[in-house]
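The values are calculated or read from the model by the stated rules, or taken from the named source; none is laboratory data. No experiment lies behind these values; they were computed from the predicted model shown. Cβ placement follows ideal geometry from the backbone for every residue including glycine, while neighbour counts extend to all protein chains displayed. Heads up: the accessible areas ignore ligands, DNA and RNA and are worked out on the full protein's heavy atoms, side chains in. Shrake-Rupley method; radii C 1.70, N 1.55, O 1.52, S 1.80 Å.
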Amino acid sequence: VDQPLMPKQFHLGMFEIGRPLGKGKFGRVYLARERSSNFICALKVLYKSELQHGSGVEKQVRREIEIQSNLRHPNILKLYGHFHDSKRIFLILEFAGKGELYKHLRRENRFPEWKAAQYIAQMASALRYLHRKHVIHRDIKPENILMGIHGEIKISDFGWSVHAPNNRRATLCGTLDYLPPEMIKSGSNDKWYNEKVDLWSLGVLTYEFLVGEAPFEDTPIMTQKRIARADMTIPEWVSKEAKDLIKRLLVLDPDKRLPLEDVQTHPWIIKHCVKGERAANREKGSGK
Ligand SMILES: Cc1nn(C)cc1-c1nc2c(-c3cnn(Cc4ccccc4)c3)c(Cl)cnc2[nH]1
């Protein structure tokens, strides 16, 4: 497939800038079109002045570029290239046609089980791909997931991802809701860089998709206590298969969490995600 954005050297003049799409802690994202190819993309602009030199954030951006540039998966937002001028750093990102997933979640309150299961199956596929490349995302949450034009989800924002094992200390900010117990407890920093942290976050994500709020949502102090004890209640109206998957991911011992290949073949996922295949088989009269 000829990649429209192939030139090695990019510069701002190559792009026509469109409407702002959103803003994060650092920087803003604009709709953009590459002039020669008319290729539509999302241009993330970060101001160097905001990334204090030598701070973790500058290294985070460098890591985001290094990691995301080498990833190619339908459920991972592509980073086509980057460039900078005297004041700003620009990331040329895939444009996700249906925007930020958390806005859809807030608007719908919670997702029906079939939709949640399809999203979790896509997340498991993307995480398996990442873990095979020894990349740990470490910041899986609705705010870091975008939606493509066909409703497929795309993990974005690799600012917190690392190549395992990595002996970097990471300062955490933002919500605690998604942190696994090993990242809450001090002194177990080596476990911060084990892929299994993403399994815990996948469990939190499954819960939030189905219930509409995170399982340990509380005051910051109480959230930490409840995470450390995996103290959550799953509403009785959640199906028993979904409850089973959540309980097999939100396990304190990282080594006892359900591996991604078993997530993909879990009864709750199979029940909602291979329907298309079954229907297709029925049509073919194979009656599987
Ligand atoms: C919003 C929106 N509405 N629709 C219909 C599509 C979109 C859309 N947004 C994006 C976005 C997008 C926008 N904001 N953000 C959050 C952000 C911004 C700055 C720094 C860190 C994180 C991501 C992207 Cl990257 C990539 N593609 C996007 N598509």
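The heavy atoms of MET222 present about 70 square angstrom of accessible area, all protein chains included, probe 1.4 Å.
Charging the Cβ of each Asp and Glu at -1 and of each Lys and Arg at +1, and nothing else, the dipole of segment 1-96 about its Cα centre rounds to 240 debye. Kirkwood analysis of the Cα pair distances in segment 63-216 returns a hydrodynamic radius of 16.1 Å. Here's the picture: charge each Lys and Arg Cβ at +1 and each Asp and Glu Cβ at -1 in segment 1-149, and of SER125, GLY24, ILE76 the one pushed furthest to the positive end of that dipole is GLY24.
Derived value for the chain: Kirkwood hydrodynamic radius 20.2 Å. Basis is the mean of 1/r over every pair of different alpha-carbon atoms.
For GLU16, GLU34, write out the residues from largest to smallest accessible area, computed with a 1.4 angstrom probe and no ligands counted. Kindly include the intermediate steps, with their values, before the conclusion.
Working: GLU16 80, GLU34 10 Å².
Greatest to least solvent exposure: GLU16, GLU34.
Distance between the modelled labels on LYS23 and GLN52, one decimal in nanometres: 2.1 nm (7 Å Cα→Cβ projection). With every protein chain in place and a 1.4 angstrom probe, the accessible-area ranking of LYS191, LYS48, LYS256, LYS87, largest first, reads LYS256, LYS87, LYS191, LYS48. Using a 1.4 Å probe on the protein heavy atoms, what percent of the accessible area of the chain belongs to carbon and sulfur? With neighbouring chains kept in place, the figure for the chain is 53 percent. Per residue, segment 177-233 exposes an accessible area of 39 Å² to a 1.4 Å probe, with every protein chain left in place. Here is how the number arises for the chain: DSSP H runs of 4 or more residues each give -39500 (n - 2.57), the sum is divided by the residue count, and the result at 222 nm is -10500 deg cm²/dmol. Surface exposure of segment 1-91, expressed per residue as accessible area with a 1.4 Å probe, stands at 59 Å².
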